[in-house]
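What follows is a set of notes on a single structure, which appears directly below.
The values are calculated or read from the model by the stated rules, or taken from the named source; none is laboratory data. Because the structure is a prediction, the values reported are computed rather than measured. Note: ideal-geometry Cβ built from the backbone for every residue, glycine included; neighbour counts use all protein chains shown. Quick note on the areas: whole protein, heavy atoms, side chains included, nothing else; ligands and nucleic acids left out. Shrake-Rupley method; radii C 1.70, N 1.55, O 1.52, S 1.80 Å.
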Amino acid sequence: MADVQAPAPAGQSPASPTRAPEAARAAAGTGTVVAYVLAFFTLYIAVLTPVVSTLALKVDALSTPETRATNLALVTGVGAFFAFVANPIAGALSDRTTSRLGMRRPWLLWGVLLGAVGLLLIAFAPAIWLVVIGWAVTQAAMNGTQAALQALLPDQVAESQRARVSSLLGMAQQLAPLVGIALAFGFTAAGANEIWIFLVPTFLAVVGVLALVAVLKDRHLDAADIAPFRLGAFLKGFWVSPRQHPDFAWTFLGRFLMLFGFALYNTYQLYFLIDRFGFDNATALSWQLRLMVVQAVVMVVASLLGGVLSDRTGRRKVFVVVATLLAGAGLLTFALVQGPSMLYLGASLFGAGLGAYFAVDLALVTDVLPNAETEAAKNMGVFNIANALPQSVAPALAPAFLAIGAGGSNYTALFAISAVIVALGAVATLFIRGAR
């Protein structure tokens with residue numbers, strides 16, 4: 001794929017002469033930012049739409065009502081494990097890639113193409129075990145692309161514009177499943193073959209990422225600046241000591257808890273609508289789309305406002321804490337709601353929380369990222385374990401939460417627990433000292 005060199009031994013950092021010092025880095029141009037956000041947006045259409053909706057539909061078509069929750073947990077759990085492993089490894093290798101294409105471009109290119117193969121396998125799968133394999137391939141490959149994409153924030157974007165660009169990326173990430181669900185609803189309502197709910201998002205991701213590959217002025221690393229390969233040093237490099245880097249550890253924990261609560265809701269949202277309100281698949285998708293629209297509108301306003309205010313004030317933590325509490329309030333609303341109309345209130349609170357959170361959170365972690373000049377992708381990959389691990393843990397624990405009481409569909413317990421977990425994420429953020 002690319003000429004990858006091993007990382008430096010523990011305690012050493014290879015020189016990176018092509019990387020401009022933080023203070024001297026020029027602001028990213030409009031064209032680069034547009035291509036960056038577009039790639040983020042289209043990649044997440046392909047990756048998040050299955051998590052929110054289309055995987056549940058595919059699993060439902062291949063399962064019985066009694067086995068679908070367990071089968072969905074299997075598919076998403078295995079896929080999340082591969083994401084958990086792939087993201088930091090791809091990030092570390094990206095930091096040591098000496099390809100003529102650059103450090104990040106090969107991982108963007110091959111990751112999205114291999115991920116497309118995985119999604120196509122899901123689309124045509126006649127059995128659950130093939131869906132498991134397809135989603136594992138997709139998660140592993142797309143997380144390689146994601147690691148490179150997120151490394152572009154410290155690579156290409158000056159500190160003075162990071163929160164604004166972070167807010168655009170956050171909006172792109174949250175609006176992506178809205179587009180995906182709209183496509184899924186359109187195809188389902190029209191009675192089209194289910195393969196289209198996977199084919200179209202896959203095509204969009206490939207086009208969006210390839211557009212960024214075409215315009216990116218990537219960093220280039222000289223092989224002479226990379227230390228010889230040592231397996232022990234390579235593996236040890238993934239450990240970021242909480243004692244030496246406590247701010248990074250608290251930021252990691254806050255993100256993990258936020259996305260753990262989010263994953264508990266997100267994975268079972270479609271089944272929640274079907275089971276609690278008696279909707280059929282098309283009606284459930286219709287309601288999911290309406291809620292996503294409300295959530296998206298509120299989220300865009302909160303994200304833009306949060307990004308601008310964070311850059312102007314230089315503060316990050318207060319926005320993350322308030323956003324986390326708003327998201328928790330939205331989850332609690334979903335836990336208690338008995339009539340469909342009240343779902344709009346939950347979506348509004350949840351959208352406000354997500355918008356403000358993702359507007360600032362990437363900027364926050366970039367501010368406290370260890371060794372940002374030489375190990376940005378590797379350490380962002382380690383941080384992205386906080387994205388991937390909840391997707392593995394949440395589906396494994398969700399059936400136990402749903403089984404509290406009787407019937408195996410206790411969504412009140414599931415979402416109330418989610419709200420508490422998210423609120424604990426706000427507490428973790430308060431311990432960060434290296435950012436305001």
Note, Val59: beta-carbon cut-off 14 Å, +1 each Lys/Arg, -1 each Asp/Glu, net -1
Residues whose modelled amide H sits under 5 Å from the amide H of Thr97, counting only those 5 or more places away in sequence or on another chain, are Gln5
For region 154-313 the mean separation of alpha carbon contacts under 8 Å (6+ apart) over residue count, i.e. relative contact order in percent, is 52
So the carbon and sulfur contribution to the accessible area of the chain, 1.4 Å probe, in percent, is 69
Rounded to whole angstroms and listed largest first, the alpha-carbon spread of region 137-295 along its three principal axes comes to 60, 39, 36
For the chain, the dipole about the Cα centre with charges only on Cβ (Lys and Arg +1, Asp and Glu -1), to the nearest 20 debye, works out at 660
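For the chain, what's the relative contact order in percent, using C-alpha pairs closer than 8 Å and at least 6 residues apart?
In percent, rounded to a whole number, it is 28.
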Stretched fully, the stretch from Lys217 through Gln338 gains (0.36 nm per residue minus C-alpha distance, one decimal, in nm) 38.3 nm
Heavy-atom accessible area per residue of the chain, all protein chains kept, 1.4 Å probe, expressed in Å², is 37
Env charge @ Phe40, Cβ radius under 15 Å, K,R +1 / D,E -1, value +1
Long-range amide H partners of Arg104, meaning residues 5 or more apart or on another chain whose placed amide H is closer than 5 Å, are Arg219
Computed for region 285-399: size of charge dipole around the Cα centre, +1 on C-beta of each Lys and Arg, -1 on C-beta of each Asp and Glu, debye to nearest 20, value 240
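What is the packing order of peptides 125-137, 76-88, 211-223, taking the mean over residues of other C-beta atoms within 10 Å and listing the highest first?
Values: 125-137: 18.5, 76-88: 23.5, 211-223: 16.8.
Descending mean neighbour count gives 76-88, 125-137, 211-223.
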Taking R0 as 60 Å and r as the Cβ-Cβ distance between Leu345 and Arg100, the FRET efficiency 1/(1 + (r/R0)^6), rounded to the nearest 0.05, comes to 0.65
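Taking the Cβ of Leu216 as the centre, find all other residues whose Cβ is under 12 Å away and add up their charges (Lys, Arg: +1; Asp, Glu: -1).
Charge balance in the 12 Å sphere: +2.
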